[in-house]
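Colleague: Okay, here's the structure, questions in a sec.
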Protein chains: 2
Amino acid sequence: MLQECDRPIGVFDSGIGGLTVVQEITRLLPNEQIVYFGDTARVPYGTKSKESVIRFSRDNMNVLLRHNVKMVVVACNTSTSWALNILKREYAIPVIGVIEPGSRRAVAATRRKRIGVIATPSTVNSRKYEETILRMARGAKVFQKACPLFVPLVEEGWQEHRVTEAVAMEYLAAMKKNGVDTLILGCTHYPLLKTVLQKVMGRGVTLVDSAVETAHEVQNLLEKQKLMRQNQHPPKHQFLVSDEPEHFRVVAKRFLGHDLPHVQRVVF
Amino acid sequence: MLQECDRPIGVFDSGIGGLTVVQEITRLLPNEQIVYFGDTARVPYGTKSKESVIRFSRDNMNVLLRHNVKMVVVACNTSTSWALNILKREYAIPVIGVIEPGSRRAVAATRRKRIGVIATPSTVNSRKYEETILRMARGAKVFQKACPLFVPLVEEGWQEHRVTEAVAMEYLAAMKKNGVDTLILGCTHYPLLKTVLQKVMGRGVTLVDSAVETAHEVQNLLEKQKLMRQNQHPPKHQFLVSDEPEHFRVVAKRFLGHDLPHVQRVVF
């Protein structure tokens with residue numbers, strides 16, 4: 001029988017963006033095995049309501065639990081915003097999100113305590129980043145901006161297109177005027193826009209991608225709970241989606257820079 | 001008991017775009033009563049696979065049938081592309097889509113038989129417009145282009161924004177070079193971009209919005225099957241969505257130019 005610690009880590013996202021988190025986990029913890037689930041049939045979550053996001057997040061947890069995971073990373077910022085606390089309460093295994101790690105890193109990085117957050121409309125409405133940052137750094141100023149066009153621009157493959165730069169200039173104008181020195185990329189798609197975002201914000205602004213910090217949090221948790229994988233066979237990752245696998249594969253290559261192994265379709 | 005002809009007309013769409021079709025039906029047939037269902041929890045369909053679109057379309061039919069509709073209009077181009085023939089086969093009531101009416105109008109309007117179609121990636125992949133137009137006008141040339149950024153641009157409210165114009169210039173460059181004289185707006189969101197599209201394509205190009213033509217097809221069908229509503233009480237339309245109603249209401253106002261009555265949430 002499988003030892004408890006040898007079970008895989010579950011990661012879910014509304015679609016493909018969570019692969020940026022998978023990449024950082026496998027970089028930091030190359031012996032860990034991952035089961036990824038992307039809810040590509042119902043993507044995006046960022047324009048949907050709290051109730052729908054909570055319902056979808058529960059469904060996603062249940063998909064991963066059928067694969068016998070030892071913990072779950074909620075890689076989607078919108079799911080983390082609305083559902084993380086609920087999932088922690090309802091499920092017996094450890095569940096971590098991306099908002100605490102990203103906020104912690106931003107608080108460590110900021111010099112003038114002026115932190116910007118760009119995210120989906122639903123994440124911005126939840127005010128979860130603001131709440132988390134203010135808990136960690138009283139007196140900080142948090143400036144939020146919903147950027148609904150960034151995800152479709154990334155999915156169109158226009159990461160460094162002049163249109164993307166024009167959109168970023170418009171979305172970020174108030175942030176710049178408000179003098180933020182640290183900008184949290186509060187959606188897993190946004191790290192692919194780093195070049196444009198850095199150009200628009202200027203060299204002096206630190207961009208925080210929560211994927212790296214989330215991977216560290218996974219490491220801490222596994223060490224503390226003695227859940228590090230001991231099996232010495234190379235891990236075999238699994239990728240599951242709720243829509244057709246082929247499109248996922250194509251876009252995944254843009255995210256990871258390399259081909260994915262077999263991608264399977266899951267029916268709820 | 002309700003007379004058969006006095007039952008409402010069902011209209012479904014992946015989200016909000018189908019309201020452009022509702023508007024034309026109520027304009028042409030003011031005595032008809034409508035039940036609209038927008039699948040806002042799973043929107044958009046245009047980037048999803050055939051299998052998912054068929055499954056969602058069946059779910060939507062079933063929602064409308066619970067409201068005792070006498071016929072159904074599939075207002076979504078992507079649903080029409082993949083699911084119309086299946087729904088016609090599987091359900092006893094009449095079902096009509098938006099692709100035949102739009103194609104018929106384009107064939108009537110074109111002078112040089114060079115017709116462009118802009119639509120979602122999924123509709124373009126289905127090649128349904130091409131097939132339908134060639135059936136109606138042998139020897140016509142059909143030029144298709146997927147425009148995945150148009151829906152998010154409309155939903156952001158940037159209908160006449162310079163970014164939208166830049167995106168349109170890029171998407172439509174090949175159409176213009178190919179000398180199309182008629183352009184089908186193959187997604188119910190696109191009529192909101194008419195001003196920009198006309199500007200980019202030039203005055204000489206006819207834009208075809210299938211909503212008007214679809215309303216005429218509804219009228220023909222009701223007359224032929226003696227299903228015109230006889231009841232002289234003013235109709236009460238119903239609006240149903242699968243996600244939270246409030247956001248739908250806000251965007252609906254942009255589509256209709258006026259407030260919607262009560263919007264109800266449906267759980268599948």
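Colleague: Quick check: anything in the stretch B:76-90 touching a Leu at 6+ places or on another chain (Cβ under 8 Å) and not β-branched (Val, Ile, Thr)?
Modeller: Of all residues in the stretch B:76-90, those touching a Leu at 6+ places or on another chain (Cβ under 8 Å) come to none.
No; the residues of the stretch B:76-90 include none that is touching a Leu at 6+ places or on another chain (Cβ under 8 Å) and not β-branched (Val, Ile, Thr).
Colleague: Restricting to the stretch A:183-229, give me the number of residues that are without any contact (Cβ under 8 Å) to a residue 12 or more places away in the chain and in a loop (DSSP other than H, G, I, E, B).
Modeller: Taking the stretch A:183-229 as the starting set, the residues that turn out to be without any contact (Cβ under 8 Å) to a residue 12 or more places away in the chain are A:198, A:203, A:220, A:223-224.
From what's left, in a loop (DSSP other than H, G, I, E, B): A:203.
Residues in the stretch A:183-229 being without any contact (Cβ under 8 Å) to a residue 12 or more places away in the chain and in a loop (DSSP other than H, G, I, E, B): 1 in total.
Residue-wise test of (1) of a type in the set (Ser, Thr, Tyr); (2) more than 26 Å from residue B:245 (Cβ to Cβ); (3) more than 14 Å from chain A (Cβ to nearest Cβ); (4) in contact with a helix residue (DSSP H, G or I) (Cβ under 7 Å, 6 or more places away or on another chain).
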site: B:44; (1), (2), (3), (4): no, no, no, yes
site: B:50; (1), (2), (3), (4): no, yes, no, yes
site: B:55; (1), (2), (3), (4): no, no, no, no
site: B:76; (1), (2), (3), (4): no, no, yes, no
site: B:86; (1), (2), (3), (4): no, yes, yes, yes
site: B:111; (1), (2), (3), (4): no, yes, yes, no
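Colleague: Mind listing whichever residues of the stretch B:236-250 are buried (at least 19 other Cβ atoms within 10 Å of the Cβ), among the hydrophobic types (A, V, I, L, M, F, W, C) and within 14 Å of chain A (Cβ to nearest Cβ)?
Modeller: B:241, B:248, listed by residue number.
Colleague: I've got another one for you. Just need a number here: residues in the stretch A:31-68 that are without any contact (Cβ under 8 Å) to a residue 12 or more places away in the chain and not small (Gly, Ala, Ser). Outline the logic, then answer.
Modeller: Step one: of the stretch A:31-68, the residues without any contact (Cβ under 8 Å) to a residue 12 or more places away in the chain are A:51-52, A:55, A:62, A:66.
Still in the running and not small (Gly, Ala, Ser): A:51, A:55, A:62, A:66.
Of the residues in that region, 4 qualify.
Colleague: Within the set of pairs 6+ apart or on separate chains, which have a first residue in the stretch B:249-268 that is assigned by TED's automatic domain parsing to the domain that holds residue B:17 and within 23 Å of residue B:187 (Cβ to Cβ), a second that is among the small types (Gly, Ala, Ser) and assigned to a helix (DSSP H, G or I), and C-beta atoms under 7 Å apart?
Modeller: Note: pairs meeting the criteria are B:260/B:252.
Colleague: Looking at the structure I just gave you, is residue B:122 more than 14 Å from chain A (Cβ to nearest Cβ), under 16 Å from the mean Cα position of the chain (by Cα) and among the polar types (S, T, N, Q)? Before you say what the answer is, go through the steps one by one.
Modeller: Values: more than 14 Å from chain A (Cβ to nearest Cβ): no; under 16 Å from the mean Cα position of the chain (by Cα): yes; among the polar types (S, T, N, Q): yes.
No.
Colleague: Right, something else. Do you know which residues across the stretch B:49-106 are touching a Ser or Thr at 6+ places or on another chain (Cβ under 9 Å) and of a type in the set (Val, Ile, Thr)?
Modeller: B:53, B:54, B:63, B:73, B:74, B:78, B:80, B:86, B:96, B:98, B:99
Colleague: Looking at residue A:154 and the list (1) among the aliphatic types (A, V, I, L, M); (2) surrounded by fewer than 21 Cβ atoms within 10 Å (Cβ to Cβ); (3) out of contact with any strand residue (DSSP E or B) (no Cβ under 7 Å at 6 or more places or on another chain), which single condition is not satisfied?
Modeller: Condition (2) is where residue A:154 drops out.
Colleague: Considering only the stretch B:187-218, state which residues are of a type in the set (S, T, N, Q) and surrounded by 20 or more Cβ atoms within 10 Å (Cβ to Cβ).
Modeller: Start the filter on the stretch B:187-218 by keeping residues that are of a type in the set (S, T, N, Q), which leaves B:188, B:195, B:198, B:206, B:210, B:214.
Hits for the stretch B:187-218 are B:188, B:210, B:214.
Colleague: Look at residue A:102 and say whether it is more than 30 Å from residue A:262 (Cβ to Cβ) and either touching a strand residue (DSSP E or B) at 6+ places or on another chain (Cβ under 8 Å) or not assigned by TED's automatic domain parsing to the domain that holds residue A:171 (or both).
Modeller: yes
Colleague: Could you run through the stretch B:148-201 and say how many residues are in contact with a Ser or Thr (Cβ under 7 Å, 6 or more places away or on another chain) and more than 23 Å from residue B:45 (Cα to Cα)?
Modeller: Qualifying residue count, the stretch B:148-201: 4.
Colleague: Look through B:51, B:90 and report the one residue that is assigned by TED's automatic domain parsing to the domain that holds residue B:245, over 26 Å from residue B:157 (Cβ atoms) and touching a strand residue (DSSP E or B) at 6+ places or on another chain (Cβ under 9 Å). Don't jump to the end; show me each part of the working.
Modeller: Working: B:90 fails: touching a strand residue (DSSP E or B) at 6+ places or on another chain (Cβ under 9 Å).
Just a single option satisfies the conditions, and that option is B:51.
Colleague: When you look at residue B:174, is it over 30 Å from residue B:253 (Cα atoms) and at pLDDT 95 or above, yes or no?
Modeller: Working: over 30 Å from residue B:253 (Cα atoms): yes; at pLDDT 95 or above: yes.
When the stated conditions are applied, residue B:174 passes them.
Colleague: Suppose the filter is among the acidic types (Asp, Glu), under 19 Å from the mean Cα position of the chain (by Cα) and modelled with pLDDT of 95 or more; does residue B:223 pass it?
Modeller: Numbers: among the acidic types (Asp, Glu): yes; under 19 Å from the mean Cα position of the chain (by Cα): no; modelled with pLDDT of 95 or more: yes.
So residue B:223 does not fit the description; no.
Colleague: The conditions are (1) in a helix (DSSP H, G or I); (2) facing another protein chain (nearest Cβ under 10 Å); (3) buried (at least 18 other Cβ atoms within 10 Å of the Cβ), and residue B:169 fails exactly one of them. Which is it?
Modeller: (3)
Here is a yes/no grid of residues against (1) within 14 Å of the chain's Cα centre (by Cα); (2) modelled with pLDDT under 95:
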{"residue": "A:17", "(1), (2)": "yes, yes"}
{"residue": "A:27", "(1), (2)": "no, no"}
{"residue": "A:31", "(1), (2)": "no, no"}
{"residue": "A:47", "(1), (2)": "no, yes"}
{"residue": "A:52", "(1), (2)": "no, no"}
{"residue": "A:58", "(1), (2)": "no, no"}
{"residue": "A:63", "(1), (2)": "no, no"}
{"residue": "A:67", "(1), (2)": "no, no"}
{"residue": "A:86", "(1), (2)": "no, no"}
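Colleague: Still on this structure, please answer the following. Counting just the residues of the stretch A:129-159 that are in a helix (DSSP H, G or I) and of a type in the set (Phe, Trp, Tyr), which one comes out nearest to the other protein chains (Cβ to nearest Cβ)?
Modeller: Going residue by residue through the stretch A:129-159, those that are in a helix (DSSP H, G or I) are A:129-136, A:150-155.
Right, trim to of a type in the set (Phe, Trp, Tyr) and you get A:129, A:150.
Working: A:129: 21, A:150: 10 Å.
Taking the candidates together, the pick is A:150.
Colleague: Looking only at residues in the stretch A:156-189 that are in contact with a Cys (Cβ under 9 Å, 6 or more places away or on another chain) and either among the aliphatic types (A, V, I, L, M) or in the same structural domain as residue A:18 (by TED's automatic domain parsing) (or both), which one is nearest to residue A:116 (Cα to Cα)?
Modeller: Across the stretch A:156-189, the extreme among qualifying residues is A:172.
The values are calculated or read from the model by the stated rules, or taken from the named source; none is laboratory data. Note that the structure is a prediction, hence the values are computed from the model and not measured. With ideal geometry, Cβ positions are generated from the backbone for all residues, glycine too; neighbour counts draw on all protein chains shown.
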